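Take a look at the structure set out below.
The values are calculated or read from the model by the stated rules, or taken from the named source; none is laboratory data. The structure displayed is predicted, hence computed values, not measured ones. FYI the Cβ positions are ideal-geometry reconstructions off the backbone, even for glycines, and counts take in every protein chain you see.
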Protein chains: 2
Amino acid sequence: MNELLIVGSVALDSIETPAGRVEAVLGGAATYGAVAASLFCPVHLVGVVGEDFPAQHLEFLGSRGIDLAGLQIIAGGDTFRWKGDYNEDLNQAVTHETHLGVFEHFDPQLPAHYREADFVFLANINPSLQLATLDQVSSPKLVVCDTMNLWINIARAQVFEVFRRVDIAVLNDGEARMLTECESTVSAGHELLQLGPRAVIIKKGEHGALMFSEEGIFSAPSYPLEEVVDPTGAGDSFAGSFIGFLAATGDVSYANLKRAVVYGGSVASVTVQDFSLDSLKTLEEGEVERRFGVVREMATF
Amino acid sequence: MNELLIVGSVALDSIETPAGRVEAVLGGAATYGAVAASLFCPVHLVGVVGEDFPAQHLEFLGSRGIDLAGLQIIAGGDTFRWKGDYNEDLNQAVTHETHLGVFEHFDPQLPAHYREADFVFLANINPSLQLATLDQVSSPKLVVCDTMNLWINIARAQVFEVFRRVDIAVLNDGEARMLTECESTVSAGHELLQLGPRAVIIKKGEHGALMFSEEGIFSAPSYPLEEVVDPTGAGDSFAGSFIGFLAATGDVSYANLKRAVVYGGSVASVTVQDFSLDSLKTLEEGEVERRFGVVREMATF
């Protein structure tokens, strides 16, 4: 089976949502992405944490078959911490505090056995680190990137550079409009496609996702949820399971990209039903397939 | 072919959007609904206008084969006028002025040949008038209703009464959450279904529509537009073409309801590409079918 390399943030999050609050729980784009992808394929993680990173989280990641050889643990360093809330709008986090900690001087170094990875997911992280990672991979079959509003604001040129070098870019609708300065999500999708990726996937939360490509626009509904407990990591687990499914099947045809989008949404819908990665931890065998089937039924006419 | 009865507002609208502004143009829920439905089937219109209503609009409606025997023209009366803008948010009109005019004392009286209509669309209007119309129809095969936030605010019990008496209720996502006091659109859909209709359709603008029924949830994407000129009448033309297609085919199976939702969205996507009913007036033969095909392609995986 193809192996998947994921680089991105590993974090400790403090989050408040209308459903409750948690302190210093396991989070980070690469964490969500890796655990979601591990439902489908072997994962090699690249990231950094401090000495304060709880051993139980390392054990959990290892128990999912995630290779941690590329996860640097910095003696005396502090793990990246993020504090935010979704009290006003479940689709948009308000950041209260960001402590970069060990991310401030992070220089991703890929272990030798990572460099041959066929599938690469550049999860949300400073775009210069996404590029530095990509420079160390020999000849990937498929590279997917994600980003966030912070990098669009402070490192727009580098975000564009990443988009030019990947096969598939994933971002949410607000980010797509911000990056392109388009008012319409459809225009933003078409414009981002012009940068060169084979496909651009725009996530719209409860409204599903749109994939733009030369083959046309694909629209996937979201799995219908009555309640969202914590939206953190929805996009990361969407992208992680999207590329994880592609790596597992080794099929990057347009038809399979569409299926991968629906798998991505199915896993993301699990993620948001509890804080941190709690609902991914207790996910029952067959539940992702069941949700995939529900979404297929919803979309068929 | 089945005939369709439509009751609702006929109006003169003054509208400002980021794309421009127009004064006292043809509008009203029944107008949009009737013209959209007339793409598919014969329509009998029930409504009221004042002496100030331009003859050219009557000629236009007549030219679409819309039966105006039930359109009262009140001597000395003023046509209902609405003034609003969508400058902040294309999904939500801000009302500046409403002149009820002849609507203040409107008492819908159905001509004899209207009472046997098999298909009935209770377009947006005071729910007491929707009920008064329904009381005069003998044995319709299918009744569809729409409503708006105004009636939910000032006549909630009557809106519920309408929902209990129709086969299919159509409303937008904000209205659905307002009416049910649910935070989630999915919960709102399920709750409204408990009132008794066979299906509840929640329109989400650019994000498509969800249809809730005993058969499950159906999700239809919207036809992808790069620009919306004027969203006025999108929902009315959605519902009008939805029921118009059902009346034309005489098929109210679940499979055909799903197709009707996609036809509704296809026609609505035409409506919003110009002010008033201008783009419906110039709609080319085959364009609705083409958009239906695009949406089917977008949804297929």
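Which of the residues belonging to segment A:278-301 are away from chain B (no Cβ under 14 Å) and either in contact with a helix residue (DSSP H, G or I) (Cβ under 6 Å, 6 or more places away or on another chain) or crowded, with 18+ Cβ neighbours inside 10 Å (or both)? Correct list: A:SER279, A:LEU280, A:LEU283, A:VAL288. In summary, A:SER187 fulfils each of the numbered conditions (1) away from every other protein chain (no Cβ under 14 Å); (2) at pLDDT 95 or above with the single exception of condition (1). In the set (1) farther than 16 Å from A:ALA11 by Cα; (2) basic (Lys, Arg); (3) touching a residue at least 40 places away in the same chain (Cβ under 8 Å), A:ARG81 fails one condition alone, (1).
Picking from residues in segment A:211-249 that are surrounded by fewer than 24 Cβ atoms within 10 Å (Cβ to Cβ) and part of a helix (DSSP H, G or I), the one that is farthest from the chain's Cα centre (by Cα) is A:THR249. Could you list all residues from segment B:136-195 that are closer than 20 Å to B:GLU206 by Cα and under 15 Å from the mean Cα position of the chain (by Cα)? Passing the criteria: B:ASP146, B:THR147, B:MET148, B:ASN149, B:ALA169, B:VAL170, B:LEU171, B:ASN172, B:ASP173, B:GLU175.
Among the residues of segment B:117-165, the ones that are loosely packed, with under 14 Cβ neighbours inside 10 Å and part of a loop (DSSP other than H, G, I, E, B) come to 3 in all.
This table checks each residue for (1) of a type in the set (D, E, K, R); (2) in contact (Cβ under 8 Å) with a residue 24 or more places away in the chain; (3) more than 14 Å from chain B (Cβ to nearest Cβ).
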residue	(1), (2), (3)
A:ALA209	no, yes, no
A:ILE217	no, yes, no
A:SER222	no, yes, no
A:PRO231	no, yes, no
A:GLY235	no, yes, yes
A:GLY244	no, yes, yes
A:ALA255	no, no, no
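When the test is whether a residue is away from chain A (no Cβ under 14 Å) and in contact (Cβ under 8 Å) with a residue 60 or more places away in the chain, B:VAL159 does not pass it.
Scanning segment A:3-18 turns up at least one residue that is within 14 Å of another protein chain (Cβ to nearest Cβ) and farther than 15 Å from A:SER237 by Cα. The set of residues in segment B:262-277 that are within 14 Å of chain A (Cβ to nearest Cβ) and outside any helix (DSSP H, G or I) comprises B:VAL272, B:GLN273. None of A:ILE66, A:ILE73 is closer than 21 Å to A:ALA268 by Cβ, surrounded by fewer than 24 Cβ atoms within 10 Å (Cβ to Cβ) and among the aliphatic types (A, V, I, L, M) except A:ILE66.
Looking across segment B:5-18, the residues that are farther than 17 Å from B:ALA268 by Cβ and either without any contact (Cβ under 8 Å) to a residue 12 or more places away in the chain or aliphatic (A, V, I, L, M) (or both) come down to B:LEU5, B:VAL7, B:VAL10, B:ALA11, B:LEU12. The number of residues in segment A:116-165 being of a type in the set (Ser, Thr, Tyr) and under 22 Å from A:VAL48 (Cβ atoms) comes to 3. Among the residues making up segment B:190-207, those that are more than 8 Å from chain A (Cβ to nearest Cβ) and assigned to a helix (DSSP H, G or I) are B:GLU191, B:LEU192, B:LEU193, B:GLY205.
To keep it simple, each residue is scored yes or no on (1) assigned to a strand (DSSP E or B); (2) crowded, with 17+ Cβ neighbours inside 10 Å.
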| residue | (1), (2) |
| --- | --- |
| A:GLU23 | yes, no |
| A:ALA30 | no, yes |
| A:GLY33 | no, yes |
| A:PHE40 | no, yes |
| A:ASP52 | no, no |
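Flag not set for B:GLU116, criterion: more than 30 Å from B:VAL228 (Cα to Cα), free of Cβ contacts under 8 Å to residues at least 12 places away in the same chain and of a type outside the set (S, T, N, Q).
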